[in-house]
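Quick notes on the structure that follows.
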């Protein structure tokens with residue numbers, strides 16, 4: 001997968017999950033908040049993967065936000 005870190009600041013849904021899985025490397029997992037901090041191996045950009053609309057019954061849509 002090609003690096004989008006210089007062009008994208010937010011990705012949502014399946015696109016966010018695919019980019020996180022196929023390109024980024026996990027740095028930290030925050031299970032209580034359903035968040036994962038990831039980093040780009042090419043640019044060093046950091047990202048946060050979370051599920052802001054998550055409830056006990058629904059997993060919510062993935063959101064990937066570049067943080068640095």
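The values are calculated or read from the model by the stated rules, or taken from the named source; none is laboratory data. Quick caveat, the model's predicted, so the values are computed rather than measured. Counting neighbours? That spans all protein chains shown, and the Cβs are built from the backbone with ideal geometry, glycine included.
No other residue among 15, 36 is at pLDDT 95 or above and assigned to a strand (DSSP E or B) apart from 36. The residue that is farthest from residue 67 (Cα to Cα), counting only those in region 1-49 that are surrounded by fewer than 17 Cβ atoms within 10 Å (Cβ to Cβ) and touching a helix residue (DSSP H, G or I) at 6+ places or on another chain (Cβ under 9 Å), is 1.
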